[in-house]
Amino acid sequence: MGINLQKGQRISLSKEAPGLTKLICGLGWDVAKRSGGGLFGAFSSVPDYDLDASVICLDRNDKVNDMTNIVYFGNLSHRSGAITHLGDNLTGAGEGDDEQILVDLSRIPSQIVKLVFTVNIYDCIARKQDFGQVQNAFVRLVNTSNNQELAKYNLSGSEYKGMTGMLMAEIYKHNDEWKMAAIGNGVKVNGLQELVKTYA
């Protein structure tokens with residue numbers, strides 16, 4: 001049974017799973033059921049919520065130096081081979097993880113010391129969508145060697161109303177030890193590129 005993290009809590013991955021190198025970061029969410037009803041309620045023209053999970057790789061100055069250090073639906077694998085996005089889920093439908101990202105800590109280049117896991121709503125402005133309608137959002141880490149869940153962070157509450165992006169969690173290196181921090185900060189951005197600008 002993994003640790004259920006609270007916002008701002010940090011854990012040492014090295015202590016929770018000695019020898020850990022490969023892990024899965026799973027992200028999930030549900031969208032609140034649409035109001036409406038009536039005979040044609042099932043044929044609502046409201047578009048699906050397309051939430052996109054990404055990883056922003058930062059250097060010691062908390063900066064991303066080029067777009068190849070962002071792993072997302074348009075760049076599914078980091079050039080080092082250390083981070084692989086397993087693909088885009090366009091609706092959030094289904095149980096369990098909606099999107100998964102594989103991380104091999106042993107292959108992360110030395111200049112990268114922090115991985116920021118984010119989720120943003122695709123085309124949020126045009127679709128008039130925000131995280132106020134998103135429920136049961138979570139991020140979790142799983143040790144791939146034994147499929148054991150190391151930690152999980154559930155996001156909930158009305159604080160995300162009006163927010164269109166979210167900084168879910170960080171995996172960072174401190175004194176040659178990998179740690180995880182639960183962040184859970186909502187941001188107002190129009191797409192991933194705008195979110196990345198804060199680290200430029």
Close pairs from the range 1-24: first on the phi < 0 side of the Ramachandran plot, partner among the hydroxyl-bearing types (S, T, Y) and assigned to a helix (DSSP H, G or I), Cβ under 9 Å, at least 6 apart: L20/S14; T21/S106; K22/S106
Filtered residues of the range 90-102 (kept if at pLDDT below 65 and in contact with a Leu (Cβ under 8 Å, 6 or more places away or on another chain)): G92
Considering residues of the range 131-169 that are of a type in the set (F, W, Y) and modelled with pLDDT of 90 or more only, the residue surrounded by the fewest Cβ atoms within 10 Å (Cβ to Cβ): F138
Residue ranges of strands (runs of 3 or more DSSP E) in the range 49-130 with at least 1 members buried (at least 16 other Cβ atoms within 10 Å of the Cβ) and in contact (Cβ under 8 Å) with a residue 60 or more places away in the chain: 51-58, 99-104, 114-121
Pairs, first among the hydroxyl-bearing types (S, T, Y) in the range 173-200, second in a loop (DSSP other than H, G, I, E, B) and surrounded by 15 or more Cβ atoms within 10 Å (Cβ to Cβ), C-beta under 8 Å, six or more apart: Y199/V64
Residue in the range 179-188 that is closer than 21 Å to M67 by Cβ and either within 17 Å of the chain's Cα centre (by Cα) or hydrophobic (A, V, I, L, M, F, W, C) (or both) present: yes
Which numbered condition G26 fails, given (1) modelled with pLDDT under 85; (2) under 17 Å from M180 (Cβ atoms): (1)
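One line per residue, one yes/no per condition, for (1) over 24 Å from R10 (Cβ atoms); (2) touching a Lys or Arg at 6+ places or on another chain (Cβ under 9 Å); (3) among the polar types (S, T, N, Q):
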{"position": "G132", "(1), (2), (3)": "yes, yes, no"}
{"position": "A137", "(1), (2), (3)": "no, no, no"}
{"position": "T144", "(1), (2), (3)": "no, yes, yes"}
{"position": "Y160", "(1), (2), (3)": "no, no, no"}
{"position": "T164", "(1), (2), (3)": "yes, yes, yes"}
Verdict on T144 being in contact (Cβ under 8 Å) with a residue 40 or more places away in the chain and more than 16 Å from G26 (Cβ to Cβ): no
Residues satisfying the stated conditions in the range 47-88, i.e. within 14 Å of the chain's Cα centre (by Cα) and of a type in the set (S, T, N, Q): S54, T84
All positions within the range 49-68 that are under 16 Å from C25 (Cβ atoms) and either of a type outside the set (A, V, I, L, M, F, W, C) or touching a helix residue (DSSP H, G or I) at 6+ places or on another chain (Cβ under 8 Å) (or both): D52, S54, I56, C57, L58
Selected residue (criterion: nearest to D50 (Cα to Cα)) from residues of the range 162-199 that are among the acidic types (D, E) and in a strand (DSSP E or B): E170
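The values are calculated or read from the model by the stated rules, or taken from the named source; none is laboratory data. These figures come from a predicted structure and were not determined experimentally. In this analysis, Cβ positions are derived from the backbone assuming ideal geometry, glycine residues included, and neighbour counts consider all displayed protein chains.
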